[in-house]
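Heads up: the structure comes next, in structure tokens.
The values are calculated or read from the model by the stated rules, or taken from the named source; none is laboratory data. Keep in mind it's a predicted model, so treat the numbers as computed, not measured. For neighbour counting, all protein chains shown are included, and Cβ atoms are generated from backbone atoms with ideal geometry for every residue, glycine included.
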Amino acid sequence: MRRRITHWIFLTNLLSLLSLTACANIGIGGGGVNVGAKKEVVVKPATKSADIFTVAGRVMYRDAPVKGAKVLVYKTIDDLLKRASVIEAETDPDGNYTMKVPAGRYFFIARKGDEYFSYSGRNPVSLTGTNDYWVGFQSEKITPIETTDYPDDELSSAIGGTVLLDDKPVKDAFVTIFLDDSDDFKGLGYNSAPTDENGEFFFDYLPESEYYMLVRKRASG
């Protein structure tokens, strides 16, 4: 038995962990996301030493600031999936936040409960040198992922679904699956496919494994 993902929230980058077995058990955890702002990481004039950096930014949904969102910092993708953040800050009424972060390599996300989510497209962010950093987020609304079973060849597994934005299908988004996070979800991954005019995608004959899934579409097309 395979399983088809029938509804999928579109985020500029969408990250989920999928578990496939021969009967196509799919376990989905830790949805991720980008946040398509092109000016996500901008170096600002130095105000601190190289050991501790001030990271500031703003969380937005379309043209509106997101008040009360949490900006969470993780050392690894595994920590992100386990929701084991090392640093966090909350946005003010204008969507702004500021935090102190030690030098290092991190993954940044922004989340407001089950309403908004954003995964920085610049992840991992490396805090080095003597400059402070600006990490901004363009978030999207969280939509639950729904799955349905469909009969087919039981010797292999498959993933299919629909990419949506504001309940409308997204054409020509690229869906990529990765076996692990060793390449920080860059490049072509294990397999990739574009969505059609109905926002649909499909991967067939997948071996039993755990997969990370990422969805991207540049704002310019």
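General observations
- Just one of the listed residues (Val175, Val170, Val215) is crowded, with 21+ Cβ neighbours inside 10 Å, modelled with pLDDT of 85 or more and farther than 29 Å from Thr91 by Cα, and it is Val175.
- Per-region count, segment 138-167, residues modelled with pLDDT of 80 or more and not in a loop (DSSP other than H, G, I, E, B): 11
- If you check Phe185, Phe107 for being touching a residue at least 12 places away in the same chain (Cβ under 8 Å), in a strand (DSSP E or B) and not charged (D, E, K, R), only one passes: Phe107.
Residues are listed down the side, and each one gets a yes or a no for (1) among the hydrophobic types (A, V, I, L, M, F, W, C); (2) surrounded by fewer than 21 Cβ atoms within 10 Å (Cβ to Cβ):
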residue: Gly57; (1), (2): no, no
residue: Arg62; (1), (2): no, yes
residue: Leu80; (1), (2): yes, no
residue: Ala89; (1), (2): yes, yes
residue: Lys112; (1), (2): no, yes
residue: Phe117; (1), (2): yes, no
residue: Val125; (1), (2): yes, yes
residue: Glu140; (1), (2): no, no
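- Among the residues of segment 94-124, just one is within 21 Å of Leu81 (Cβ to Cβ), over 14 Å from the mean Cα position of the chain (by Cα) and among the β-branched types (Val, Ile, Thr), namely Val101.
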